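Reviewing the structure listed below.
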Amino acid sequence: MATDQVKAKDVSSSTVDPLSVPEKTEADEFGFQRPDMYTLNLSNTVEPYHRHMFLVYKKVENWASFVEKTENDSLPALLASALKSHADKSPIKTRLTFCEGPSGNESSDGDLYVFPEMLKYKGLTSNDADKFVEDVLVNGKDWVSGPVERLEGSYVFVCCHIARDKRCGTCGPQLIKKFKEEIGSRALKDQIFVGPCSHLGQHKFAGNLTIFGRNSSGEVTGHWYGYVTPEDVPAMLDQHIIKGEINKKIWRGQMLPFPTQDSQQVVDGGGEKGKKEESQASTGASDVVKDAGGCCQGLNGVSCCRN
């Protein structure tokens with residue numbers, strides 16, 4: 001019996017070896033190898049909206065979980081509040097996101113990138129926030145309180161908001177690094193601009209990003225992608241930005257065109273026709289799968305031809 005007890009002890013001790021169990025890394029838990037990657041359907045996970053504004057505000061590491069609630073600086077809060085208070089005065093739904101200045105495009109705190117207008121308003125201050133929203137966004141007036149710059153090329157904003165969710169905080173910087181490498185290797189630094197941004201919604205889809213630019217008809221589009229990995233980046237440049245081809249596997253949806261008088265029912269949410277138009281506009285990747293010509297005549301003036 002003593003021998004049996006020794007054998008049992010030996011077996012027990014040999015099956016529990018803590019050194020043989022690999023520790024989980026942040027990449028395993030929050031990065032591109034996490035178990036929840038590709039487990040959810042991405043299509044139509046973008047709430048309908050018509051305009052996207054990106055306010056340049058400090059650096060990612062300085063962002064609170066909710067940037068618009070930053071206590072020691074009133075600009076993010078006032079701009080978000082102004083958008084909310086004027087929302088019922090316009091049929092155009094506007095989203096506000098915070099960003100660092102996109103690389104390759106000189107920016108400073110208070111600069112505001114606005115799509116689909118493709119405009120950059122420079123040096124917005126706390127005192128300007130409400131007047132800017134009412135005059136420019138609601139009433140369509142020109143902004144005379146500061147410089148305005150017209151944007152050219154394509155703009156990629158990648159969620160890196162680590163204070164909000166570690167998945168985007170882990171995946172986002174790696175995507176930006178890969179974008180910069182690929183943009184540099186294609187000599188497109190003056191045509192494609194990329195930078196980190198705050199919460200885009202649905203961090204479970206990290207890596208999350210949006211791409212803004214003109215299609216072959218000259219219209220400005222904004223497409224959202226999720227579950228993006230560094231391996232997807234070369235194709236996003238060559239296919240989406242240069243050729244206008246959508247990757248349906250990781251496509252989340254897109255910014256809608258401005259509502260017209262005929263489509264007012266879409267904004268009001270009334271009528272079967274309005275519902276049908278809204279559904280067609282916000283879903284159906286097959287309608288937007290291809291939208292440009294050949295390599296050397298790409299979108300936004302972007303060309304993969306070096307000369």
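Observations, loosely collected:
- The residue list Y113, A87, T70 was ranked by how far each Cα lies along the charge dipole of segment 70-118 toward its positive end, using unit charges on Cβ atoms, and A87 comes out on top.
- Residue-by-residue Karplus 3J(HN,Hα) for segment 188-195, coefficients 6.51, -1.76, 1.60, Hz, glycine and proline x: 10, 4, 9, 10, 10, 10, 9, x
- Amide proton proximity set for R252, modelled H, under 5 Å, gap of 5+: W224, Y225, G226
- Computed over protein heavy atoms with a 1.4 angstrom probe, the accessible surface ordering of E182, E231, largest first, is E231, E182.
- Long-range amide H partners of K93 with built H, under 5 Å: H50, R51
- Projecting label points 7 angstrom from Cα along Cα→Cβ for D130 and T25 puts them 5.2 nm apart.
- The listed residues L119, L237, once ranked by accessible area (1.4 Å probe) with the largest placed first, stand as L119, L237.
- The mean sequence distance of close C-alpha pairs (under 8 Å, at least 6 residues apart), as a share of the length of segment 29-117, puts its relative contact order at 46 percent.
- Note on segment 79-215: with neighbouring protein chains present and a 1.4 Å probe, carbon and sulfur make up 45 percent of its accessible heavy-atom surface.
- In order along segment 54-59, the phi-based Karplus estimate (6.51 cos²θ - 1.76 cosθ + 1.60, θ = phi - 60°) of 3J(HN,Hα) comes to 10, 8, 6, 8, 6, 10 Hz; Gly and Pro are listed as x.
- With a 1.4 Å probe rolled over the protein heavy atoms of all chains, the accessible area of R51, R150 falls in the order R150, R51, largest first.
- Full extension of the chain between L119 and S43 gives 24.5 nm of extra length, using 0.36 nm per residue less the Cα-Cα distance.
- Heavy atoms of the protein chains alone define the surface here; on that basis segment 32-178 has 47 Å² accessible area per residue at 1.4 Å probe size.
- Whether segment 205-257 is rounded, prolate or oblate, judged on the alpha carbon gyration tensor where a/c under 1.5 counts as rounded: oblate
- Inter-label distance for S217 and D109, nm, one decimal - labels placed 7 Å from Cα along Cα-to-Cβ: 4.2 nm
- Taking label positions 7 Å along the Cα-Cβ direction at both K166 and F66, the computed distance is 2.3 nm, reported to one decimal.
- Amide H contacts of V194 (H built 1.01 Å from N, in plane; Pro and chain starts excluded): S103, V156 sit under 5 Å, all sequence-distant by 5 or more or on other chains.
The values are calculated or read from the model by the stated rules, or taken from the named source; none is laboratory data. Computed from a prediction, not measured in an experiment: that's the story for all the values here. Positions of Cβ are backbone-derived with ideal geometry, glycine not excepted, and every protein chain shown enters the neighbour counts. Surface accessibility is based on the protein's heavy atoms, side chains included, excluding ligands, DNA and RNA. Shrake-Rupley method; radii C 1.70, N 1.55, O 1.52, S 1.80 Å.
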